[in-house]
Amino acid sequence: MTKVALVTGGSRGIGLGIVTQLASQGFNIAINGVRPVESVQEVLESIRAFGVDVIYCQGNVALSADRTKILHEVKDHFGQLNILVNNAGIAPRERKDVLSTSEESFDEVLNTNLKSCYFLTQAAANWMIEQKATQADFSASIINISSISATVASVNRGEYCVSKAGISMVTQLFAARLGEHDIPVFEVRPGVIATDMTAGVKEKYDNLIAQGLCVQPRWGTPSDVGKVVGALAMGSFPYSTGQVFMVDGGLTMPRL
């Protein structure tokens with residue numbers, strides 16, 4: 001039976017890079033996003049061109065009711081879920097020094113980036129456990145997309161860094177809990193990736209990369225992240241649950 005992957009925030013940027021890779025590997029895909037379905041028709045058609053079944057599950061993963069609705073739509077259409085990719089994320093609406101971060105911004109970023117990851121993982125994991133109990137050959141995994149901001153401090157977007165650091169612990173917690181069920185949980189940690197989210201700081205990072213910010217002197221791409229997620233989804237790292245997979249061109253490697 002063809003495996004099914006749900007990718008949150010999958011209609012653009014890193015998420016679309018992941019969706020494209022998984023579709024190219026033959027996964028059926030459920031794409032989650034906040035935009036209305038009319039706005040993503042071109043994306044859906046591009047993924048269907050791989051010959052896989054694709055649905056769009058519109059909803060805001062920061063909201064409990066929407067998370068429930070998304071999983072119900074996956075269950076109603078596919079009847080199964082093998083891979084959950086928690087990719088949905090936002091940056092602060094305004095970059096502010098940690099001395100002036102607002103509670104509203106903190107709550108919005110943490111709810112979208114971290115709370116959604118925790119509780120969508122919880123719900124999906126319970127469903128995966130049920131599937132394993134009834135299907136002898138069922139396999140599943142959970143892949144969380146964080147950021148180098150999990151460990152690299154940016155004082156003008158502290159709430160984003162806190163959310164990504166939290167995802168690292170969510171990964172470890174569920175990896176530890178789901179080990180007995182043979183459901184591995186992984187963290188993929190991208191660096192500076194060229195997407196619409198980073199378009200506003202392109203000149204800044206162009207200059208930093210030219211000055212040696214990364215060992216590999218280029219921006220990362222959504223396909224760079226997609227290839228790592230694809231390998232994890234295929235089960236290429238069966239004995240590495242709870243581990244972090246860096247996709248940062250060597251940016252965080254200590255150098256003298």
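The values are calculated or read from the model by the stated rules, or taken from the named source; none is laboratory data. Keep in mind that what you see is a predicted model, and the values were worked out from it rather than measured. Don't worry about glycine lacking a Cβ; one is built from the backbone with ideal geometry, like all the others, and counts go over all protein chains shown.
Results, tabulated for the structure shown:
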quantity: Candidate set from segment 178-207 (those that are surrounded by 15 or more Cβ atoms within 10 Å (Cβ to Cβ) and of a type in the set (D, E, K, R)); member that is nearest to Ala123 (Cα to Cα); calculated: Glu187
quantity: Residue count, segment 196-249 (criterion: of a type in the set (A, V, I, L, M) and touching a strand residue (DSSP E or B) at 6+ places or on another chain (Cβ under 8 Å)); calculated: 8
quantity: Every residue from segment 137-148 that is in contact (Cβ under 8 Å) with a residue 12 or more places away in the chain and assigned to a loop (DSSP other than H, G, I, E, B); calculated: Phe138, Ser139, Ala140, Ser146, Ser147
quantity: Single unsatisfied condition, Ser168 versus (1) of a type in the set (S, T, N, Q); (2) surrounded by fewer than 18 Cβ atoms within 10 Å (Cβ to Cβ); (3) under 16 Å from Asn86 (Cα atoms); calculated: (2)
quantity: Only one of Thr121, Thr171, Thr151, Thr134 that is in contact (Cβ under 8 Å) with a residue 24 or more places away in the chain and farther than 24 Å from Gly230 by Cβ; calculated: Thr151
quantity: Residue in segment 153-176 that is farthest from Asn113 (Cα to Cα), counting only those that are in contact with a strand residue (DSSP E or B) (Cβ under 7 Å, 6 or more places away or on another chain) and of a type in the set (Val, Ile, Thr); calculated: Thr171
quantity: Selected residue [touching a helix residue (DSSP H, G or I) at 6+ places or on another chain (Cβ under 9 Å), modelled with pLDDT of 95 or more and surrounded by fewer than 15 Cβ atoms within 10 Å (Cβ to Cβ)] from Ser141, Ser154; calculated: Ser154
quantity: Test: residue in segment 198-221 that is more than 26 Å from Asn156 (Cα to Cα), assigned to a helix (DSSP H, G or I) and at pLDDT 95 or above; calculated: no
quantity: Leading residue by the ranking (farthest from Ser168 (Cα to Cα)) among those in segment 100-137 that are under 15 Å from the mean Cα position of the chain (by Cα) and hydroxyl-bearing (Ser, Thr, Tyr); calculated: Thr112
quantity: Number of positions in segment 14-37 that are under 21 Å from Leu63 (Cβ atoms) and either touching a Leu at 6+ places or on another chain (Cβ under 8 Å) or not in a strand (DSSP E or B) (or both); calculated: 8
quantity: Condition broken by Ala136, with the remaining ones in (1) at pLDDT below 95; (2) among the aliphatic types (A, V, I, L, M); (3) touching a Lys or Arg at 6+ places or on another chain (Cβ under 7 Å) satisfied; calculated: (3)
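A quick yes/no check of all residues on (1) assigned to a strand (DSSP E or B); (2) in contact with an Asp or Glu (Cβ under 6 Å, 6 or more places away or on another chain); (3) on the phi > 0 side of the Ramachandran plot:
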{"position": "Leu84", "(1), (2), (3)": "yes, no, no"}
{"position": "Glu94", "(1), (2), (3)": "no, no, no"}
{"position": "Ser100", "(1), (2), (3)": "no, no, no"}
{"position": "Phe106", "(1), (2), (3)": "no, yes, no"}
{"position": "Asn113", "(1), (2), (3)": "no, no, no"}
{"position": "Cys117", "(1), (2), (3)": "no, no, no"}
{"position": "Ala124", "(1), (2), (3)": "no, no, no"}
{"position": "Trp127", "(1), (2), (3)": "no, no, no"}
{"position": "Ala133", "(1), (2), (3)": "no, no, no"}
